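See structure below.
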Amino acid sequence: MKNLGEDAICGQLTITGPDSTGEAITLKGFKQYKANLTPAASLTATAVEQTFTVDGLSADDTVLSVIPPSALPANLAIVGQRVTAANTLGITFINPTAGSLTAPTGQWKVRVLRS
């Protein structure tokens, strides 16, 4: 198994059931991408999804986590992440404050489950 830091798919396994059809589900493994992202400012009292290009993401990937290059500003939080289309990551930021806040620009890590 490769370390996630190597940006490679790690392992593959097949799980059978217990879905209602008894179909086998194949998980191709975990993958970590690194992408330079430049989030826009999150305006006051909003929760808004921003989209970013991350080459290699598949529409079938499930995003497990996104890791910013440094700490988010106080009171800004990530409340959702998903693949919105092939090569496109959606991150929903929430800003409950009375001012605008911006997530850090730089190399973000995106960890996905590939199926």
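The values are calculated or read from the model by the stated rules, or taken from the named source; none is laboratory data. All values derive from a computational prediction rather than experimental measurement. Neighbour counts run over all protein chains shown; Cβ positions are idealised from the backbone, glycine included.
Collect the residues in segment 86-102 that are under 13 Å from LEU43 (Cβ atoms) and either within 15 Å of the chain's Cα centre (by Cα) or part of a strand (DSSP E or B) (or both), keeping them in residue-number order.
Quick first cut of segment 86-102, residues under 13 Å from LEU43 (Cβ atoms) only: 93-102.
Once the filter is applied, which keeps residues that are under 13 Å from LEU43 (Cβ atoms) and either within 15 Å of the chain's Cα centre (by Cα) or part of a strand (DSSP E or B) (or both), segment 86-102 yields PHE93, ILE94, ASN95, LEU101.
Out of (1) on the phi > 0 side of the Ramachandran plot; (2) free of Cβ contacts under 8 Å to residues at least 60 places away in the same chain, what's the single condition that is false for GLY29?
All conditions pass for GLY29, except number (2).
Given the conditions (1) buried (at least 16 other Cβ atoms within 10 Å of the Cβ); (2) under 16 Å from the mean Cα position of the chain (by Cα), which single one is not true for GLN107?
In the conditions (1) buried (at least 16 other Cβ atoms within 10 Å of the Cβ); (2) under 16 Å from the mean Cα position of the chain (by Cα), GLN107 misses (1) alone.
Just need a number here: residues in segment 85-115 that are within 20 Å of PHE30 (Cβ to Cβ) and out of contact with any Asp or Glu (no Cβ under 8 Å at 6 or more places or on another chain). Lay out the reasoning, then the answer.
So in segment 85-115, the residues within 20 Å of PHE30 (Cβ to Cβ) come out as 86-91, 107-115.
Now restrict to residues that are out of contact with any Asp or Glu (no Cβ under 8 Å at 6 or more places or on another chain): 86, 88-89, 107-111.
So the answer is 8.
Identify all residues within segment 26-42 that are at pLDDT below 95 and aliphatic (A, V, I, L, M); write none if there are none.
LEU27
Do we have any residue at all in segment 63-85 that's under 17 Å from TYR33 (Cβ atoms), over 11 Å from the mean Cα position of the chain (by Cα) and of a type in the set (Gly, Ala, Ser)? Walk me through it before giving the result.
Step one: of segment 63-85, the residues under 17 Å from TYR33 (Cβ atoms) are 63-69, 78, 81-85.
Still in the list and also over 11 Å from the mean Cα position of the chain (by Cα): 69, 85.
With the extra rule that they be of a type in the set (Gly, Ala, Ser), the set shrinks to 85.
Yes: segment 63-85 contains one or more residues that are under 17 Å from TYR33 (Cβ atoms), over 11 Å from the mean Cα position of the chain (by Cα) and of a type in the set (Gly, Ala, Ser).
Can you tell me which of (1) touching a Ser or Thr at 6+ places or on another chain (Cβ under 9 Å); (2) assigned to a strand (DSSP E or B); (3) of a type in the set (A, V, I, L, M, F, W, C); (4) at pLDDT 95 or above is the one ILE15 doesn't meet?
All conditions pass for ILE15, except number (4).
Only residues that are loosely packed, with under 12 Cβ neighbours inside 10 Å, over 15 Å from ARG111 (Cα atoms) and not hydroxyl-bearing (Ser, Thr, Tyr): list them for segment 50-74, please.
Across segment 50-74, the qualifying residues are ALA71, ALA74.
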